[in-house]
Amino acid sequence: IPSTLTPGIFHYFVSQVNNGCESPRQNITVRVNRKPVLGNDREIKICFGSSADLTTLYNTNGLNSNWTNNNVPVNNPSNVTVSGNYTLITTNPAGCADTAKVTLIIQPEVIANAGNDDNAEYNYPYQLHGSGGGLYQWTPGTPLLNNPIIANPLATLTDDTEFILMVQ
């Protein structure tokens, strides 16, 4: 049983042996076609409310490509909004195929909470209470806040001020 990983045209001889007697050898020509190579499987994460473009993950030029999610065809792989296990099967004109798998993870929704409206004493430190993220950005920041990139900075106010909190 001949085997090769090298694409090209190869010539082999085949025969049959029966009770120690060999039949005449016949020439057979075998064309070994190049297999498409997609590359490694991937895991991607997107933000809640966003979409992923699966068509940009692998080079499928000149290949017949089909995406599925849990064995269900994906109609628009350039605008995917459902987490799951996606499979790409590509076939070249010679019928050789390769498969890649993509795990799409949608991050949980981020909800910023800057706390309740309140009153602060003039020129006296007041603690703000932010939540909902891992990274925080309060505006306006310094010099009104001691640290505008933490959840609960101290504000020292000399005027009515509205703060805006952005979280990631």
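Nothing in this text is a laboratory measurement; each read-out follows from the coordinates by a stated rule. Keep in mind it's a predicted model, so treat the numbers as computed, not measured. Neighbour counts are summed over all protein chains in view; Cβ atoms, including those assigned to glycine, are modelled from backbone coordinates with ideal geometry.
Under 9 Å between Cβ atoms, at least 6 apart or on separate chains: pull out the pairs that start in segment 15-34 with a residue that is within 30 Å of Asn92 (Cα to Cα) and touching a residue at least 60 places away in the same chain (Cβ under 8 Å) and end on any residue that is exposed (fewer than 10 other Cβ atoms within 10 Å of the Cβ) and among the small types (Gly, Ala, Ser). Going by the 9 Å Cβ cut-off, the qualifying pairs are Asn33/Gly95.
Scanning segment 15-22 finds no residues that are surrounded by 13 or more Cβ atoms within 10 Å (Cβ to Cβ) and not in a loop (DSSP other than H, G, I, E, B). Restricted to strands (runs of 3 or more DSSP E) entirely inside segment 41-112, those with at least 1 residues that are of a type in the set (Ser, Thr, Tyr) and under 17 Å from the mean Cα position of the chain (by Cα) are 64-69, 84-91, 97-106. Scanning segment 66-84 for residues that are surrounded by 14 or more Cβ atoms within 10 Å (Cβ to Cβ) and either over 30 Å from Leu5 (Cα atoms) or of a type in the set (A, V, I, L, M, F, W, C) (or both) turns up Trp67, Asn69, Val74, Pro77, Val80, Ser83, Gly84. Could you list, in sequence order, all residues of segment 137-168 that are surrounded by 17 or more Cβ atoms within 10 Å (Cβ to Cβ) and in a strand (DSSP E or B)? Passing the criteria: Trp138, Leu145, Ala155, Leu165, Val167. Just so you know, in segment 23-40 the residues that are touching a Gly at 6+ places or on another chain (Cβ under 8 Å) and not in a loop (DSSP other than H, G, I, E, B) include one that is surrounded by the fewest Cβ atoms within 10 Å (Cβ to Cβ), and it is Arg31.
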